[in-house]
1. Which of the following residues is out of contact with any helix residue (DSSP H, G or I) (no Cβ under 7 Å at 6 or more places or on another chain) and more than 22 Å from residue 33 (Cα to Cα): 78, 114?
2. Any residue at all in region 89-101 that's at pLDDT below 85, in the same structural domain as residue 40 (by TED's automatic domain parsing) and within 30 Å of residue 8 (Cβ to Cβ)?
3. List every residue pair whose Cβ atoms lie under 6 Å apart, where the two residues are 6 or more positions apart in sequence or sit on different chains, the first residue falls within region 51-74 and is within 20 Å of residue 87 (Cα to Cα) and not assigned by TED's automatic domain parsing to the domain that holds residue 13, and the second residue, located anywhere, is charged (D, E, K, R) and not in a helix (DSSP H, G or I).
4. Residue under question is residue 22, and the condition is that it be in contact with a Phe, Trp or Tyr (Cβ under 8 Å, 6 or more places away or on another chain), farther than 20 Å from residue 107 by Cβ and in contact (Cβ under 8 Å) with a residue 40 or more places away in the chain; does it hold?
5. Are any residues in region 47-62 over 22 Å from residue 131 (Cα atoms) and in contact with a strand residue (DSSP E or B) (Cβ under 9 Å, 6 or more places away or on another chain), and if so, which ones?
6. Considering region 109-148 alone, what residues qualify as being over 30 Å from residue 71 (Cα atoms) and loosely packed, with under 10 Cβ neighbours inside 10 Å?
7. Just the residues that are in the same structural domain as residue 28 (by TED's automatic domain parsing) and more than 22 Å from residue 86 (Cβ to Cβ), please, taken from region 105-145.
Amino acid sequence: MALSLADKKQIVSEVAAVAESAHSAVAAEYRGLTVEQMTDLRVKARDGGVYLRVVKNTLARRAFEGTEFECMSDQLVGPLVLAFSQEDPGSAARLIKDFAKEHNKLEVKVLAVGGEVLAASDLDRLASLPTRDQAISMLMAVMKAPLDKFARTLNEVPGKLVRTVAAVRDAK
């Protein structure tokens, strides 16, 4: 079924709006996946805060104009599904990586983060980025470490005095 001009404009504006607010994007070739597998991928994407859409490449190129994902335009070839990370930069990469483990037909073609194109081999690196909550907890642990060490050091002075007095008492 051919899309009308109004439908195409609506798709381009929707994808452009998502691309404006997305942290990263992954384009993967889905050739060979069944309808049930694609439905499963869409359900997992919805649960993971990832915008997933199959868009014609020409419409995707138009939607990417003026966004940080414009660098991907040259590499959009073949039947691709676009995944945009809405919550954290690694969520789309984690989704595609986990799904590709189960279904080897899903092949990553291009990644983009912050206006920079990454090779498909960098999927693991992007997927290993911490979530927002994990990054905050790591930052808090780093900020808390000097205070913990200071408290242990202050606690050691009276402890050492008590051990010294106990040693003197045992000696007498």
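The values are calculated or read from the model by the stated rules, or taken from the named source; none is laboratory data. All figures in this text were calculated on a predicted structure; none of them were measured in a lab. Neighbour counts are summed over all protein chains in view; Cβ atoms, including those assigned to glycine, are modelled from backbone coordinates with ideal geometry.
1. None of the others qualify; the one that does is 114.
2. yes
3. Between residues of region 51-74 that are within 20 Å of residue 87 (Cα to Cα) and not assigned by TED's automatic domain parsing to the domain that holds residue 13 and residues that are charged (D, E, K, R) and not in a helix (DSSP H, G or I), there is no close pair.
4. Criteria met by residue 22.
5. If the condition is that a residue be over 22 Å from residue 131 (Cα atoms) and in contact with a strand residue (DSSP E or B) (Cβ under 9 Å, 6 or more places away or on another chain), then 53, 54, 55, 57, 60 are the ones that fit.
6. 142, 143, 146, 147, listed by residue number.
7. Selection gives 105, 107, 119, 121.
Listed here are the residues, each with its yes/no results for (1) under 15 Å from the mean Cα position of the chain (by Cα); (2) within 28 Å of residue 129 (Cβ to Cβ).
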{"site": "6", "(1), (2)": "no, no"}
{"site": "22", "(1), (2)": "yes, yes"}
{"site": "37", "(1), (2)": "no, yes"}
{"site": "45", "(1), (2)": "yes, yes"}
